[in-house]
Amino acid sequence: MDYQKIYNQIIERAQNRKLEGYKEKHHIIPKCMGGEDVKENLVDLTAREHFLCHVLLKEIYPKNLKLAHAIFLMNEGITRNNYT
């Protein structure tokens with residue numbers, strides 16, 4: 001399965017729409033991989049898309065433990081705001 005292609009399709013679709021209601025910011029290039037907090041690297045996703053993108057990134061970069069940790073935190077409902 002081409003995980004990178006699926007990831008790219010989700011990101012491209014998200015860049016070409018405006019979400020109404022609940023949305024989550026996603027770093028296209030994850031911060032743990034050098035991504036920055038700039039407009040060009042951020043996209044609004046639904047909660048489902050956001051989780052799926054992180055699962056895809058973990059499949060694309062299986063040795064990146066920080067990506068695995070992010071999935072764990074998302075699965076547990078822990079965000080950066082309430083994780084100290």
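Under unit Cβ charges (Lys, Arg +1; Asp, Glu -1), what dipole magnitude, rounded to 20 debye, does the chain have relative to its Cα centre? Please list the in-between numbers first.
Values: 13 positive and 11 negative charges, 9 e Å.
Computed charge dipole of the chain: roughly 40 debye.
Mean separation of Cα pairs under 8 Å and 6+ residues apart, divided by the residue count of the chain: what relative contact order is that in percent?
29
With a 1.4 Å probe and all protein chains left in place, how much of the accessible area of the chain comes from carbon and sulfur atoms, in whole percent?
Numbers: 3330 of 6210 Å².
With neighbouring chains kept in place, the figure for the chain is 54 percent.
Ranked from highest to lowest mean number of other Cβ atoms within 10 Å per residue, what is the order of the peptides 41-54, 59-72? Kindly include the intermediate steps, with their values, before the conclusion.
Details: 41-54: 16.8, 59-72: 13.7.
Descending mean neighbour count gives 41-54, 59-72.
Kindly rank 3-9, 34-40 from highest to lowest mean number of other beta carbons found within 10 Å of each residue.
3-9, 34-40
When we measure straight from the Cα of K63, which aspartates and glutamates land under 18 angstrom away, once same-chain ones fewer than 8 places off are left out?
D2
Can you quote the Å³ per residue value for the convex hull of the Cα atoms in the chain, rounded to an integer? List each step's numbers first, then the result.
Working: hull volume 8.9 nm³, N = 84.
Given the Cα convex hull of the chain, per-residue volume reads 106 Å³.
The values are calculated or read from the model by the stated rules, or taken from the named source; none is laboratory data. Since this is a predicted model, take the numbers as computed values, not measurements. Virtual Cβ from ideal backbone geometry, glycine too; neighbours counted across all protein chains shown. What goes into the accessible areas is simple: the full protein's heavy atoms, side chains included, and nothing from ligands, DNA or RNA. Shrake-Rupley method; radii C 1.70, N 1.55, O 1.52, S 1.80 Å.
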